[in-house]
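The values are calculated or read from the model by the stated rules, or taken from the named source; none is laboratory data. All values derive from a computational prediction rather than experimental measurement. Cβ placement follows ideal geometry from the backbone for every residue including glycine, while neighbour counts extend to all protein chains displayed.
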Amino acid sequence: MFPLFAASALTLAQIAFGNAQAGTVMEFTQARLPLNSVDIPNAARLKIADMVLEARKWPDVQIRGIIEANAYVRETNPQALIEKRAAVLKAYLLQLGIKEENFWVEPHVLTEEMARNSKGELDIHQIGVTLVPICQGGCARLCHDPRVTPTSKAIVN
């Protein structure tokens, strides 16, 4: 009896207030590099390529590539490493077909506090890539599309 009531209440809320559901659609990975390196490890290249293949399944959207380029404060010339890591990731994503105008770069110099885990051990990821859809009029429709696997679904107010 209760599930029927809950389903009816949700239906009434949607009729009264519009679609009340939302979701998150994205692909994400990050990788560790040897200190002072700018080369993308092969495992990360494969993961990024797989992410792009998944993102291409998103219907009627463009793909935004968000590049996280980090350098540990104790690496040699952190700012130059950030720029080189971002350039290498951008070049790779361009090869995979992400449009140049769809990039964002998030540069970070990781302080000692940011670079250490709760045990005090060095735990850094110098590169990260997030792919998200760029949708005309919002992307909520993707959360209900059978061709898309959302990373989360939620009911919002």
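Ile98 falls short on exactly one of the conditions (1) modelled with pLDDT of 95 or more; (2) of a type in the set (A, V, I, L, M); (3) over 22 Å from Gly138 (Cα atoms), and that condition is (3).
Touching a strand residue (DSSP E or B) at 6+ places or on another chain (Cβ under 6 Å) and of a type in the set (Ser, Thr, Tyr): is that true of Tyr92 in this structure? Here the answer is no, as Tyr92 does not meet what is asked.
Within the option set Lys57, Lys47, being among the basic types (Lys, Arg) and modelled with pLDDT under 95 holds for one residue only, Lys57. Report yes if Pro107 is more than 19 Å from the chain's Cα centre (by Cα), without any contact (Cβ under 8 Å) to a residue 60 or more places away in the chain and under 21 Å from Ala44 (Cβ atoms), otherwise no. It is false that Pro107 is more than 19 Å from the chain's Cα centre (by Cα), without any contact (Cβ under 8 Å) to a residue 60 or more places away in the chain and under 21 Å from Ala44 (Cβ atoms). The set of residues in region 103-129 being surrounded by 13 or more Cβ atoms within 10 Å (Cβ to Cβ) and assigned to a helix (DSSP H, G or I) consists of Met114, Ala115. Looking at region 92-103, I want the residues that are among the β-branched types (Val, Ile, Thr) and have a partner that is surrounded by 11 or more Cβ atoms within 10 Å (Cβ to Cβ) with Cβ atoms under 9 Å, at least 6 apart or on another chain. Which pairs are those? Listed pairs, sorted by first residue: Ile98/Val52; Ile98/Ala55; Ile98/Gln62; Ile98/Ile63; Ile98/Arg64; Ile98/Gly65; Ile98/Lys90; Ile98/Leu131. Return the only residue of Glu83, Glu100 being over 29 Å from His144 (Cβ atoms), of a type in the set (Asp, Glu) and surrounded by 14 or more Cβ atoms within 10 Å (Cβ to Cβ). Testing whether each residue is over 29 Å from His144 (Cβ atoms), of a type in the set (Asp, Glu) and surrounded by 14 or more Cβ atoms within 10 Å (Cβ to Cβ) leaves just Glu83.
Going residue by residue through region 135-154, is there one that turns out to be at pLDDT below 95 and more than 21 Å from Arg56 (Cβ to Cβ)? Scanning region 135-154 turns up at least one residue that is at pLDDT below 95 and more than 21 Å from Arg56 (Cβ to Cβ). As an exercise: evaluate Phe28 against (1) modelled with pLDDT of 95 or more; (2) assigned to a strand (DSSP E or B); (3) of a type outside the set (Ser, Thr, Tyr) and give the number of the one condition it does not meet. So the condition that Phe28 fails would be (1). Scanning region 47-103 for residues that are touching a Gly at 6+ places or on another chain (Cβ under 9 Å) and polar (S, T, N, Q) yields Asn70, Asn102.
Any chance region 93-102 includes a residue that's part of a strand (DSSP E or B), of a type outside the set (Val, Ile, Thr), touching a helix residue (DSSP H, G or I) at 6+ places or on another chain (Cβ under 7 Å) and within 17 Å of Ile66 (Cα to Cα)? No, every residue in region 93-102 fails to be part of a strand (DSSP E or B), of a type outside the set (Val, Ile, Thr), touching a helix residue (DSSP H, G or I) at 6+ places or on another chain (Cβ under 7 Å) and within 17 Å of Ile66 (Cα to Cα).
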